[in-house]
Amino acid sequence: MIEVIDVLDKVIKLGESLGAEEVFIYGKEHTVMSYEILVGNISSRISTTVGAQIIVSIGKRHGSSYTTDVSEEGLLRALSDAISIARASSEDPEWPGVPNFSEKYEEVKDVEYDIESASRAVQELYKSLLKDNRLVYNVGYEGTIEKTFIANSYGAEIITTEYGNGLTAYLSVQTSQGASPGIWDYIVSKEQIVDSSALLENLEFLAKKAESLIKARDMTVPTIWHPSALMSILTYGFLPAIKGDAIHKKSSRYLEKFGENIFSKSLTIYDDPTRKDLVNYVPYDADGVRTKRIDIVKAGTLINSIWNYHWASLEGRETTGHATRNPRPGEYGVNVHNISIEFGRRSLDDLISEISEGVYILSLQGAHSTNPESGRFSVMANPAFYIKDGEIVGCLLGASITSSVDDVLNKFKEATSDYKEGFRSTLPWALIDNIRISSRV
Amino acid sequence: MFDSLERVLKHGEKLGLDYIEVRGEEFTMTNIELVDEHISYHRRSERGFFVRVLYKGSWGQSCTTTEKKLLEALEQAYKAAKASPGTVSLKEIKPIKDNVRKGLKIGNISPEEKIELLRDIRTSILDKDKKGLVKSTKVRYRDKEGRKYIMTSEGTEISHDTDYVWRYVWVSGKLGEKSQGVRDERGDSWRGFKVLEVEYGPEKVAEILIRRLYGQLEGKAVRPGTYDIVVAPEVVGVIAHEALGHLVEADLTMSGALANKLGEKIAPDHINIVDDGRLENGFGTEIYDDEGVPTRRVEIVKNGVLTEVLTNREYAQKFNLKLTGNARAEDYMYPPIIRMRNTFFLPGDYSRDELFEGIRDGIYVVSFIGGQADLSSSFHVGVQEAYYIKNGEIMGPAYIGAITGVALEWLWKIDALANDLDFETGRCGKGQEALVSSGGPHIRVRGIKLG
């Protein structure tokens, strides 16, 4: 990657000499190491790919190009492509230009995950999970190292390294009533994962419970939401309404609600990408802006929205450092880096033990069809488990929930002290009261 | 390109590998997005390689975007395969040498023409919005022009064009306090730009989306209850794909609700489902898969019996199944895995109108927005267009949010299939994207819980 960094300045200067008023370069070197046992078959992978996106402005016209050829010649071809696109495009009166920051920052880490230790961890987990009545679909490991470089014609030069590795497993249990819904779990960490015992313990527990399949019936009960289920409703129903683009376009249902107490007073939501020990540590966003912790909801009051440079400029405000990019398709947006709900004091076991009748929701099927504007959703809680007298007693079939994200966040009662790191999140389990479960069987 | 791939094979011979497969790809791709009035135009030029080796029963894989690191990629794949011995072996094939051309001539379409198409779609939508309910539009366009190459140590040597065009339109609107969004998606990999320009052109997509949006905003919510429903081809297709098609991908079949059910009756006699790799103009149609196996029509369910499942070479060998040509890789960054192509229910004998006859209080489900299923065949399909049926007549729009259920139970509730047939085109995600078609005739399903 070093050779790329050395030519960025030259590419920017050449762009300016060819008529580009602004040049912005965003590139990534992505290394992945994976090891997977899929239906008993082993595959393993070690790969490194690299690519860079170049964006140019010519007045209010702009163009973008991506190349996998990051040699000087390759970048110059991409530059020339971006300039010709900008020239062919019509003016965009609201184009605020490329991010105009000029910070210099370098955090290069030489990280390497060991494929052989990973393979041992996966094989141990696979062998332990394999039992007569189970179909272990996959057990997999993946370690990724992502080196990002950002440069622009204002002098910014940022190089960061983000990394982490994770272990996942997915299985179903054959019962006299047929196959159970898929049971899964995962762990992620920055440290090389060699110990899968916690994952094994949890999967063994859930698989044992899935041996008993219980048809759902209509009921209104307290529910425990796994961090993954929480993240899916936040992603599809809550975050779209606090992003700068929705606020600028006035499509956010929260437009007039900032500063108001609109959720449960027990609920505090924040985004904190600054913790170096977590996999979601992101020191700079994709505009080249230093990130910081942002409180989004505090004790039920909606406080902050999140912004990238583009939408913040159009709104005449400061970015909050929440730009994201996928340079291959040229996607640019606003998103959290590491959303969290303030942890509680009691464990998951403590919360379950106090429920006389309820449902433990591992994930939500169909959450992606949540209406991003109204936050309304109609989903299957699948897999979900039935709680009776303080214990999980079996796996529920056909449990559906029709509600809204705002209703769920209003009924939020308590978070656990346990938490899980995941994609763009570090979340606890949550006790959500009075959720209506409708049977689909 | 073949010269580079051959260099890898020659180097691999020295390592004592059991099998070497090298895929190379080069393409340019255009992504344009028109969000309300604002256009962003992005072009990609990519060249990359995927190396896959089999050593002592384990796959080792590596990919690189740097041609001079191709031999290093092979060494990495070898190192990965050596991490532990396994049991993988491959179904034998007769190696093929071929060169498949599509001739879509995407390079002949100017940037201005593409931008004009997007602007025309937006203008048509706003023109048809007589009630002024549209709040925002997003039109996305993508095209790809390129070639992929495969060469293996067994002698396979095939190159294909990878050209296609695709567009996606999203319209959101508001009526009082109710907000709603609707979508339309269309892609084509055999006829090209004219499909988006003419066959599914701006006027047509605008008409469809305004109808859907008004229906969703003005439709009355369905009372919770049990209904007889008629399902239109687009939604039949997503059920065929999500709830049944994924279950017959051999890497999933043996872990899911269809485990050990090959040859068993899983549906009434009148149910026939196929995945056709050579469907004329199918979005998922290709002549060879990404392991160099010829594609074909796979009879998944024949007269209600689970007859065949979709395979790649690895799973065909593991479970002693026939090859179907369903190994697909999104591009050079991914390994080929088992994916559907064009999946659909075959038509029945009823006319479409006959399906509605005798339904006193039912729902006509026309279009979907997102589908998902799991290994138990439990599925969730978001609905973006539906109507009430009263005494056999299609009435006003109905708002139902989603249809959910267990597909293997649903199959037994399908009591009639119409003699029509239609398809939708889309993108399937299973860790990587695949272009697919899915469809079927109108079907009638009895006793479905909604609301």
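The values are calculated or read from the model by the stated rules, or taken from the named source; none is laboratory data. This one's a predicted model, so the numbers in the text were calculated from it and none came from an experiment. When we count neighbours, we look across all protein chains shown, and the Cβ atoms used for this are built from the backbone with ideal geometry, even at glycine.
Search the range A:400-416 for residues being out of contact with any strand residue (DSSP E or B) (no Cβ under 6 Å at 6 or more places or on another chain) and not acidic (Asp, Glu), and hand back the single one that is farthest from residue A:191 (Cα to Cα). Here the residue is A:403. If you check A:249, A:215, A:209 for being crowded, with 19+ Cβ neighbours inside 10 Å, out of contact with any Lys or Arg (no Cβ under 6 Å at 6 or more places or on another chain) and not β-branched (Val, Ile, Thr), only one passes: A:209.
Can we say residue A:169 is more than 21 Å from residue A:337 (Cβ to Cβ) and either surrounded by fewer than 21 Cβ atoms within 10 Å (Cβ to Cβ) or in the same structural domain as residue A:15 (by TED's automatic domain parsing) (or both)? So residue A:169 fits the description; yes. Which strands (runs of 3 or more DSSP E) does the range A:1-84 wholly contain that include 1 or more residues that are aliphatic (A, V, I, L, M) and closer than 28 Å to residue B:333 by Cα? Where strands (runs of 3 or more DSSP E) fall fully within the range A:1-84 and carry at least 1 residues being aliphatic (A, V, I, L, M) and closer than 28 Å to residue B:333 by Cα, they are A:22-38, A:41-58. Hey, any hits in the range A:87-102 for a residue that's β-branched (Val, Ile, Thr), in contact with a Phe, Trp or Tyr (Cβ under 9 Å, 6 or more places away or on another chain) and more than 9 Å from chain B (Cβ to nearest Cβ)? Yes, the conditions are met somewhere in the range A:87-102. Take the conditions (1) closer than 27 Å to residue A:343 by Cα; (2) basic (Lys, Arg); (3) touching a strand residue (DSSP E or B) at 6+ places or on another chain (Cβ under 7 Å); residue A:275 misses just one of them, which is (3).
Residues in the range B:31-65 that are within 7 Å of chain A (Cβ to nearest Cβ) and of a type in the set (Val, Ile, Thr) were compared, and the one that is nearest to residue A:36 (Cα to Cα) is B:64. Residues that are assigned to a loop (DSSP other than H, G, I, E, B) and farther than 20 Å from residue B:334 by Cα within the range B:1-20 comprise B:14, B:15, B:16, B:17, B:18, listed in sequence order.
For every residue, the table says whether it meets (1) outside any helix (DSSP H, G or I); (2) in contact (Cβ under 8 Å) with a residue 12 or more places away in the chain.
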residue	(1), (2)
B:217	no, yes
B:226	yes, yes
B:239	no, yes
B:246	no, yes
B:251	no, yes
B:259	yes, no
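Look at the range A:399-441 and say how many of its residues are crowded, with 24+ Cβ neighbours inside 10 Å and not in a strand (DSSP E or B). Total meeting the criteria: 3.
Condition check ((1) part of a strand (DSSP E or B); (2) of a type in the set (A, V, I, L, M); (3) farther than 19 Å from residue B:328 by Cα) across all residues:
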site	(1), (2), (3)
B:22	yes, yes, no
B:44	yes, no, yes
B:77	no, yes, yes
B:90	no, yes, no
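Is one or more of the residues making up the range B:127-141 in the same structural domain as residue B:28 (by TED's automatic domain parsing), of a type in the set (Ser, Thr, Tyr) and buried (at least 20 other Cβ atoms within 10 Å of the Cβ)? Yes, the conditions are met somewhere in the range B:127-141.
Looking at B:267, B:221, B:243, B:257, just one residue is closer than 30 Å to residue A:438 by Cα, among the hydrophobic types (A, V, I, L, M, F, W, C) and at pLDDT 95 or above, and that residue is B:267. Scanning the range B:381-410 for residues that are within 14 Å of another protein chain (Cβ to nearest Cβ) and either farther than 27 Å from residue B:209 by Cα or in contact with a His (Cβ under 9 Å, 6 or more places away or on another chain) (or both) turns up B:382, B:402, B:403, B:404, B:405, B:406, B:407, B:408, B:409, B:410. Quick check on this structure: which one of B:346, B:355, B:421 is at pLDDT 95 or above and crowded, with 21+ Cβ neighbours inside 10 Å? Being at pLDDT 95 or above and crowded, with 21+ Cβ neighbours inside 10 Å holds for just one of B:346, B:355, B:421, which is B:355. Could you please let me know if residue B:94 is out of contact with any strand residue (DSSP E or B) (no Cβ under 8 Å at 6 or more places or on another chain), exposed (fewer than 15 other Cβ atoms within 10 Å of the Cβ) and farther than 30 Å from residue B:310 by Cβ? The answer is no for residue B:94.
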